[in-house]
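Since the structure comes first, as structure tokens, the remarks are kept for the end.
The values are calculated or read from the model by the stated rules, or taken from the named source; none is laboratory data. From a predicted model like this one, the values you see are computed outputs, not experimental measurements. Every residue, glycine among them, receives a Cβ derived from its backbone with ideal geometry; neighbour counts consider all protein chains shown. Please note that ligands, DNA and RNA were not included when accessible areas were found on the heavy atoms of the full protein model with its side chains. Shrake-Rupley method; radii C 1.70, N 1.55, O 1.52, S 1.80 Å.
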Amino acid sequence: MPVPSDPLLPPGLLSRYADAIVKTSLSFGKGYSLVVQGEHEHRELLVAVAESAYRAGARYVDVLVADPLVARARLQHGSDEALGAVSPWVMRRLRETVRSNGAFVAITGQAEGGYFDGIPPQRISLDYTRAAKATTFLRAAQLGMRARWTIAGWPTDYWAAQAYPELPALEGKRRLARDLLHFCRLTDADGKGSSGWLRHLRTITRRSEKLTRLGLTRLELRAQGTELGLGLVPGTRWLGGQEEMPDGTKLAPNMPTEETFTSPDARATEGTFSCTFPLWFRGRLIEGLRGEFRGGRLVRLDADSDADRDFVAAYLDSDANGRRLGEIALVDSTSRIGQAGRVYFNTLLDENAAAHIAFGSGFGNTRSQKPARGVNRSLIHLDVMIGSPELEVTGVNARGRRVLLIREGVWQI
């Protein structure tokens, strides 16, 4: 096989990463079809994932290459009809991914910054909302674990310069690639093949099951700038690690992952929050995001920059329930990503370095009973990080008993 002139990982390690994505995280099998989406700089991993899928017996692998500057061109020069338009051939691809023999992999790792600068936030939100409405079937299947999907990272020049500004570009990308293997427990020290990754997923799953058995009806989160109370309805399930499809197939939707999460009662969030990590969102770095909830709804939003605040607010307000919570995810300081002591300026990594909340859509499978009471229904989903080494989380059960879950950033259960 031809080797890229400057490979970020040796061939054996690259194949190991791709196999963990395809075989372990997706449970991909013979005769399946796979759609892989990424950017131009992700080619090394895109090819490796395709090779892994074909080794596993794939019928077809379709690679979609997105370009943020093409998205900018649509927003800057496109007609109203072009905003949010999804082509028939893309819709066909996406529908195939939610079939029983379909699968979807999204490769993340920003290759451009500021690509929406100067575009009115309302125009960006309209484009997203229209596309989201057209692909509601995909989001519902993925959030409900009725489709095979996962997200994994791959370094780019731009991302490496953000995460490792002190290193030359190629060295920074290679360092970031090794970080991804370490965070996914795919090093030799973690065991052979994907054994370390699978063992880690099972550990998180057991923790999620333990939290579910506690039967909590309320969570209280305390940290610098954060005083939040979240309601939980009866029958709330905690998820994390390996997720189970209706047919019993096990999936891992995020690589890496450290979180144990659920959907709170969207009507019962009170208090204030303050982000402990900057938010990389649509080519823009948002710092100092903070706000206040009353009656389950965000009533105040601030950021270090008024323009950044307005940028995020326009996204939240693009949906009627965008200012309500759909997720609370707990991560403690044993997270390998958090222990790295580095901000990665990428939500996939940063949300697994610290506890976070998410505005917008919740997860229907976080309820043991149907219909899923109290789960937020929305076209959007935005994670913001609020955790820190000082985080304290307390749960309250139906009898009023208080259970300490996290103290000084460490799990207590």
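If the condition is being touching a strand residue (DSSP E or B) at 6+ places or on another chain (Cβ under 6 Å), open to solvent by 10 Å² or more (accessible area, probe 1.4 Å) and either within 13 Å of I357 (Cβ to Cβ) or assigned to a strand (DSSP E or B) (or both), then the stretch 267-287 contributes E270, G271, T272, S274, C275, T276, F277. Name the single residue, out of those in the stretch 381-406 being open to solvent by less than 20 Å² (accessible area, probe 1.4 Å) and at pLDDT below 95, that is nearest to E287 (Cα to Cα). Taking the candidates together, the pick is G387.
The conditions of being in contact with a strand residue (DSSP E or B) (Cβ under 9 Å, 6 or more places away or on another chain), farther than 28 Å from H182 by Cβ and of a type in the set (V, I, T) are not met by I386.
Residue count for the stretch 201-258 under the criterion of being open to solvent by 40 Å² or more (accessible area, probe 1.4 Å), part of a loop (DSSP other than H, G, I, E, B) and within 20 Å of F273 (Cβ to Cβ): the result is 2.
The residues in the stretch 331-377 that are under 16 Å from the mean Cα position of the chain (by Cα) and without any contact (Cβ under 8 Å) to a residue 60 or more places away in the chain can be counted, and the count is 2. Counting the residues of the stretch 149-178 that are aliphatic (A, V, I, L, M) and over 25 Å from E258 (Cα atoms) gives 3. All conditions but one from (1) more than 22 Å from G172 (Cα to Cα); (2) buried (at least 20 other Cβ atoms within 10 Å of the Cβ); (3) of a type in the set (A, V, I, L, M, F, W, C) apply to L8; the one that does not is (1). Taking the stretch 125-135 as the range and being in contact with a helix residue (DSSP H, G or I) (Cβ under 8 Å, 6 or more places away or on another chain) and open to solvent by less than 30 Å² (accessible area, probe 1.4 Å) as the test, the residues that pass are S125, D127, A132, T135. Tallying residues that are more than 15 Å from P253 (Cβ to Cβ) and buried (at least 21 other Cβ atoms within 10 Å of the Cβ) within the stretch 357-371 yields 3.
Quick check on A50: is it open to solvent by less than 30 Å² (accessible area, probe 1.4 Å), without any contact (Cβ under 8 Å) to a residue 60 or more places away in the chain and not in a loop (DSSP other than H, G, I, E, B)? So A50 fits the description; yes. For the stretch 146-192, filtering for residues that are among the aliphatic types (A, V, I, L, M), assigned to a loop (DSSP other than H, G, I, E, B) and either open to solvent by 60 Å² or more (accessible area, probe 1.4 Å) or within 15 Å of S25 (Cα to Cα) (or both) leaves 2. When residues in the stretch 306-327 are screened for being outside any loop (DSSP other than H, G, I, E, B) and either surrounded by 15 or more Cβ atoms within 10 Å (Cβ to Cβ) or not hydrophobic (A, V, I, L, M, F, W, C) (or both), 13 of them pass.
All of V3, V70 fail the test of being at pLDDT below 95 and open to solvent by 70 Å² or more (accessible area, probe 1.4 Å), apart from V3. Considering only residues of the stretch 73-84 that are assigned to a helix (DSSP H, G or I) and within 15 Å of A131 (Cβ to Cβ), which is least open to solvent (accessible area, probe 1.4 Å)? It comes out as L75.
Hey, any hits in the stretch 288-305 for a residue that's surrounded by fewer than 16 Cβ atoms within 10 Å (Cβ to Cβ), in contact (Cβ under 8 Å) with a residue 40 or more places away in the chain, within 26 Å of A353 (Cβ to Cβ) and touching a strand residue (DSSP E or B) at 6+ places or on another chain (Cβ under 8 Å)? The answer is no, given that none of the residues of the stretch 288-305 is surrounded by fewer than 16 Cβ atoms within 10 Å (Cβ to Cβ), in contact (Cβ under 8 Å) with a residue 40 or more places away in the chain, within 26 Å of A353 (Cβ to Cβ) and touching a strand residue (DSSP E or B) at 6+ places or on another chain (Cβ under 8 Å). Taking each residue of the stretch 399-413 that is under 16 Å from Q224 (Cα atoms) and in contact (Cβ under 8 Å) with a residue 12 or more places away in the chain and looking for partners that are open to solvent by 60 Å² or more (accessible area, probe 1.4 Å) and part of a strand (DSSP E or B) with beta-carbon atoms closer than 8 Å, six or more apart or interchain, yields I406/E392; R407/E392; E408/E392. Within the stretch 117-124, does at least one residue satisfy the condition of being open to solvent by less than 50 Å² (accessible area, probe 1.4 Å) and within 17 Å of the chain's Cα centre (by Cα)? No, because not a single residue in the stretch 117-124 is open to solvent by less than 50 Å² (accessible area, probe 1.4 Å) and within 17 Å of the chain's Cα centre (by Cα).
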